[in-house]
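Colleague: Quick one: structure below, then a few questions.
Derivation of every value follows stated rules applied to the coordinates shown; laboratory data play no part. Computed from a predicted structure; not experimentally measured. All Cβ positions, even for glycine, are placed from backbone atoms using ideal geometry, and neighbour counts span all protein chains on display.
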Amino acid sequence: GQCANVCPVSSITEKYEYQDVRNAIADPDKIVIFNTSPSVRIALGEEFDLSGGSFVQGKMIALLRKLGGDYVLDTNFAADLTIMEEASELIERVTKKTAPLPQFTSCCPSWVKYAETYHPDILAHISSSKSPIGMQGPTVKTYFAKKMGLDPAKIVNVAVTPCTAKKFEIRRGEMNAASKYLDIEDMRDMDYVITTRELAKWAKEENIDFASLKDSDYDSFMGEASGAGVIFGNTGGVMEAALRTAHQFITGNPAPADFYNLKSVRGMESVKEAEVTIGPLKLKAVVIFGTKAATEFIRKWRSSGQTYHFIEVMTCPGGCIGGGGQPKGTLLKGDELRKERIAGLYKRDDEMKLRNSHDNAEIQQLYREFYGQPLSRLAEEMLHTNYIDRSKDLGGKTMEKYRCKICGY
Ligand code: SF4
């Protein structure tokens, strides 16, 4: 039931979908497009005896091409898009009071569903921006399909993710924005989700020698991403990425150097608080992972009456790098392994020239040619969503009745 969709430790068996994707590849009438999340490239190598935190982006793309994908796109591109929308939304809330503060992030479907069930009173606080996968889906089936001359109805969109809960997210009723926009019936924005572990299992079944694959690159138009998109995969990453862009949008100037190594929001503590000055604004930010820590924070915030502006919540320990669909680790385990993966993503961000979502030339082109500007009418239709009060699913019982015997929450 619900736990299968929100359980961060994968204690409930995940449903494999890679056989469906394999069937789509075998169908000459289908166009299979893979979209890879930030954390897959930092963990996939572990399934092939590489050390924890090895950055295997090039081999991962080569693998997806070898398995028969027609296109390989980067969900980090949509992470940049999410930052454009979410930072703009935050600025509107702070400066125009369009919705209540603090703004909570929305990119973790387990957190969103948990809040819908246990904290429906905060739904107006959750950013209406869809997650990167939620934005990648409709953008592929509209903008990308048009640019490439593809029939959207033939596209099979596959998200490759660290996350078992994304299997629930892509099937939410409202994740069919492209269907409405193009007036094509029964079309989902994203068709399948396969996890890092599923991808490795599939590759092993095909006897693909991962280590000998030659690096490949993403397809263009939705393949370029910034370092801000890369760090989306770990705790504090969404916060740091959003603050870089918020700084540019509020002041008109690039963020100072410390926004590119924002120590106060980095690391494996489950709650990290930071005060950030952007032009005339002093923003109070909190980064949380784990639903238990989120509930404790919400209680503290409600009772203290303190003003907060922006709260990042991820369910899994360390963020998506510790997702339920990631390899379990061989040499390293637990926080040691998570720290290696986090270090791998920060290292990649650090090495990149492009560090800001708003500087991504493909993102700028997408707004010029399609969405207009962040929070435009079309952007609201395609890239934003709303949430459902699911507290009635508890049937009037208390949270205690649902305490999980495995994770204790
Ligand atoms: Fe999925 Fe990431 Fe949330 Fe874990 S933290 S449930 S991997 S979105």
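Colleague: For residue 384, enumerate residues with amide H under 5 Å from its amide H, sequence gap 5+ or separate chain, H modeled in the peptide plane.
Modeller: 130
Colleague: With θ taken as phi - 60° and the coefficients 6.51, -1.76 and 1.60, list the Karplus ³J(HN,Hα) couplings across the stretch 256-270 in order, rounded to whole Hz; mark glycine and proline as x.
Modeller: Coupling constants for the stretch 256-270: x, 4, 5, 6, 9, 7, 6, 4, 5, 10, 9, x, 9, 6, 6 Hz.
Colleague: Evaluate the distance, in nm, between pseudo-label points positioned 7 Å from the Cα of residue 217 and of residue 269 along their respective Cα→Cβ axes.
Modeller: Modelled inter-label distance: 4.2 nm.
Colleague: Using only the alpha carbons of the stretch 2-402, what is the convex hull's orientation-averaged projected area in square nanometres?
Modeller: Numbers: hull surface 74.8 nm².
If you wrap the Cα atoms of the stretch 2-402 in a convex hull and average its projections, you get 18.7 nm².
Colleague: Taking the Cα centre of the stretch 228-301 as origin, sum charge times position over the Cβ atoms of Lys and Arg (+1) and Asp and Glu (-1), and report the length of that vector in debye to the nearest 20. Don't jump to the answer; show the numbers that get you there.
Modeller: Values: 9 positive and 6 negative charges, 32 e Å.
About 160 debye.
Colleague: Given N residues in the stretch 272-396, what is Rg(Cα) / (2.2 N^0.38 Å)? Numbers along the way, then the final one.
Modeller: Values: Rg = 19.0 Å, N = 125, 2.2 N^0.38 = 13.8 Å.
That ratio works out to 1.38.
Colleague: Let me ask another. Return, ordered by residue number, the residues of the stretch 179-212 whose backbone nitrogen is under 19 Å from a label point located 7 Å along Cα→Cβ of residue 153.
Modeller: Counting backbone N atoms under 19 Å from the label point, the list is 179-191.
Colleague: If contacts are Cα pairs under 8 angstrom and at least 6 residues apart, what is the relative contact order of the chain in percent? Each step should come with its number before you reach the end.
Modeller: On the way: 778 pairs, mean separation 105.2, N = 409.
This gives 26 percent for the chain.
Colleague: While we're looking at this one, here's another question. Put +1 on the Cβ of each Lys and Arg and -1 on the Cβ of each Asp and Glu in the chain; which of 39, 78, 60 then has its Cα farthest toward the positive end of the dipole?
Modeller: Toward the positive end, the furthest listed residue is 39.
Colleague: Order 43-52, 229-238, 91-100 from most to least packed using the mean count of other Cβ atoms within 10 Å. Working shown, then result.
Modeller: On the way: 43-52: 20.8, 229-238: 30.6, 91-100: 13.7.
Highest-to-lowest ranking by the protection proxy: 229-238, 43-52, 91-100.
Colleague: Of 376, 131, how do they rank once you tally other Cβ atoms within 10 Å and put the fewest first?
Modeller: On the way: 376 16, 131 29.
Ordered from fewest to most neighbouring Cβ atoms within 10 Å, 376, 131 come out as 376, 131.
Colleague: OK, next. Which pairs, out of 166/292; 15/59; 66/292; 30/214, put more than 32 Å between their alpha-carbon atoms? All intermediate terms of the calculation are to be shown ahead of the outcome.
Modeller: Numbers: 166/292 20 Å; 15/59 25 Å; 66/292 41 Å; 30/214 26 Å.
Long pairs (Cα-Cα over 32 Å): 66/292.
Colleague: Follow-up. Can you find, among 196, 227, 291, the residue farthest towards the positive end of the dipole of the stretch 2-402? Put +1 on the C-beta of Lys and Arg, -1 on that of Asp and Glu.
Modeller: Among 196, 227, 291, the one farthest towards the positive end of the dipole of the stretch 2-402 is 291.
Colleague: Taking a label point 7 Å from the Cα of residue 29 along the Cα→Cβ vector, which residues of the stretch 146-173 have an amide N closer than 15 Å to it?
Modeller: 151-156
Colleague: Shifting gears a bit: At 7 Å along the Cα-to-beta-carbon direction for both residue 207 and residue 174, put a label point, then send me their distance in nm to one decimal.
Modeller: In this crude label model, residue 207 to residue 174 measures out at 4.9 nm.
Colleague: Under a Cβ-only charge scheme (Lys and Arg +1, Asp and Glu -1), can you give me the dipole magnitude of the stretch 72-142 about the Cα centre, in debye to the nearest 20? Walk me through the numbers before you get to the answer.
Modeller: Numbers: 6 positive and 8 negative charges, 28 e Å.
Here the stretch 72-142 has a charge dipole of around 140 debye.
Colleague: Right, here's the next one. Based on the alpha-carbon gyration tensor of the stretch 212-281 and its eigenvalue square roots a ≥ b ≥ c, which shape applies: rounded if a/c is under 1.5, prolate if not and a/b is larger than b/c, or oblate?
Modeller: On the way: a/c = 3.17, a/b = 1.52, b/c = 2.09.
Because a/c hits 1.5 or more and a/b fails to exceed b/c, the stretch 212-281 counts as oblate.
Colleague: Helix-derived [θ] at 222 nm for the chain: sum -39500 (n - 2.57) over DSSP H runs of at least 4, divide by residue count, nearest 500?
Modeller: Rounded to the nearest 500, it is -10500 deg cm²/dmol.
Colleague: If you take the square roots of the eigenvalues of the alpha-carbon gyration tensor of the stretch 207-347 and sort them as a ≥ b ≥ c, do you get rounded (a/c under 1.5), prolate (a/b over b/c) or oblate? Let's see the in-between values first.
Modeller: On the way: a/c = 2.58, a/b = 1.35, b/c = 1.91.
The shape class here is oblate.
Colleague: Work out the length of the dipole vector of the chain about its Cα centre, built from +1 on the beta-carbon of each Lys and Arg and -1 on the beta-carbon of each Asp and Glu, and round it to the nearest 20 debye.
Modeller: On the way: 53 positive and 54 negative charges, 236 e Å.
The calculation lands at about 1140 debye.
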